[in-house]
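Participant: The structure follows.
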Amino acid sequence: FPLGSPLRSRHVPEAESVGDHSYGLVTLAMLLADQLQVDQLKFMIMAVFHDLGESVPPGDVVVYHVSREEQVRLREEKRARESAAITTICQTLGADGAQYLAVWQEYCAQISPEARLITELDRLEVAYQAVRYFMDGHILDPHEFLDNVRAEISHPVIRELFARLEKEFLREEAQRKQ
């Protein structure tokens, strides 16, 4: 199994970093919080912290072509590493660290509207990157990303953003085939 982001594992040499991805997600959270009717500050904190554990070695682990049991084992190891990393980071942040850790744990447990919607926006941001890389000329087929994201988002506002992205991609793809 390759290590790295799903896009990097598909041979996009300059794929976004965890920081790039999180910045894009924080921007979406800031701009959409009112429309999604969530607490903007909590939403933005969740966006900052959602993948912070992947910013320390070994980073994100992407699993392909391994048994189901191996996928489960690798995901459990990943969760444990990320939890330890986030806990360590939050301990260095003094009194605010406990609040940030609680928000990250809320995200992991998916127990609030903010947590569930950040997850949907996270998927949308990855689909956006796949389309952007395609538009920039990388040899990448965004269909798999778009198909996965379509199945994972349900909020009408996010679905509308996804529909616009998909429409733009399909228009560009059709033009390239002409």
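Participant: Per residue of region 97-103, in order, report the coupling 6.51 cos²θ - 1.76 cosθ + 1.60 (Karplus, θ = phi - 60°) as ³J(HN,Hα) in whole Hz, putting x for Gly and Pro.
Facilitator: x, 5, 5, 5, 4, 4, 5
Participant: To test your reading of the geometry: what angle, between 0 and 90 degrees and rounded to tens, separates the Cα axis of helix 143-152 from the longest principal axis of the chain?
Facilitator: For 143-152 against the chain, the angle is about 50 degrees.
Participant: Return one number: the angle in degrees, 0 to 90 and rounded to the nearest 10, between the long axis of the Cα atoms of helix 40-49 and the longest principal axis of the Cα atoms of the chain.
Facilitator: 80 degrees
Participant: Right, another one. From the residues PHE169, LEU146, VAL157, which one has its Cα farthest along the dipole of region 120-174 in the positive direction, the dipole being from +1 and -1 charges on Cβ of Lys/Arg and Asp/Glu about the Cα centre?
Facilitator: Projecting each Cα onto the dipole axis, the largest value belongs to VAL157.
Participant: Kindly write out, for region 18-27 in residue order, the coupling ³J(HN,Hα) from the Karplus curve 6.51 cos²θ - 1.76 cosθ + 1.60 (θ = phi - 60°), rounded to whole Hz, with x marking Gly and Pro.
Facilitator: For region 18-27, the Karplus curve yields 4, x, 4, 4, 5, 4, x, 5, 4, 4 Hz.
Participant: Which value in deg cm²/dmol, rounded to the nearest 500, describes the helix-derived mean residue ellipticity at 222 nm for the chain, given -39,500 (n - 2.57) per DSSP H run of n ≥ 4 and division by the residue count?
Facilitator: Calculated mean residue ellipticity at 222 nm is -23500 deg cm²/dmol.
Participant: Over the chain, one equal point on each Cα, no solvent: what is log10 I(q)/I(0) by the Debye formula at q = 0.13, 0.14, 0.17 Å⁻¹?
Facilitator: Here the Debye-derived log intensity ratios amount to -0.71, -0.82, -1.18.
Participant: Want the number for ALA95 to LYS177: 0.36 nm per residue separation, take away the alpha-carbon distance, what's left?
Facilitator: 23.9 nm
Participant: Calculate one ³J(HN,Hα) per residue across region 154-163 by plugging θ = phi - 60° into the Karplus curve 6.51 cos²θ - 1.76 cosθ + 1.60, and present them in order as whole Hz with x for glycine and proline.
Facilitator: Once rounded to whole Hz, the list reads 9, 5, x, 5, 6, 4, 5, 4, 4, 4.
Participant: Sort GLU70, GLU144 from largest to smallest accessible area, using a 1.4 Å probe on the heavy atoms of the protein chains.
Facilitator: GLU144, GLU70
Participant: Given a 1.4 angstrom probe, what's the average accessible area per residue across the chain, in square angstrom?
Facilitator: Per residue, the chain has 56 Å² of solvent-accessible surface.
Participant: Evaluate the Kirkwood expression for the hydrodynamic radius of region 63-118, namely the inverse of the mean inverse distance over all pairs of different C-alpha atoms, and round to one decimal in Å.
Facilitator: One over the average 1/r among Cα pairs gives 12.8 Å for region 63-118.
The values are calculated or read from the model by the stated rules, or taken from the named source; none is laboratory data. What you see is a predicted model, and the numbers here were worked out from it, not measured in a lab. Methodologically, a virtual Cβ is constructed for each residue, glycine included, from the backbone with ideal geometry; neighbour enumeration extends over all protein chains shown. Keep in mind that these areas ignore ligands, DNA and RNA; they rest on the heavy atoms of the full protein, side chains included. Shrake-Rupley method; radii C 1.70, N 1.55, O 1.52, S 1.80 Å.
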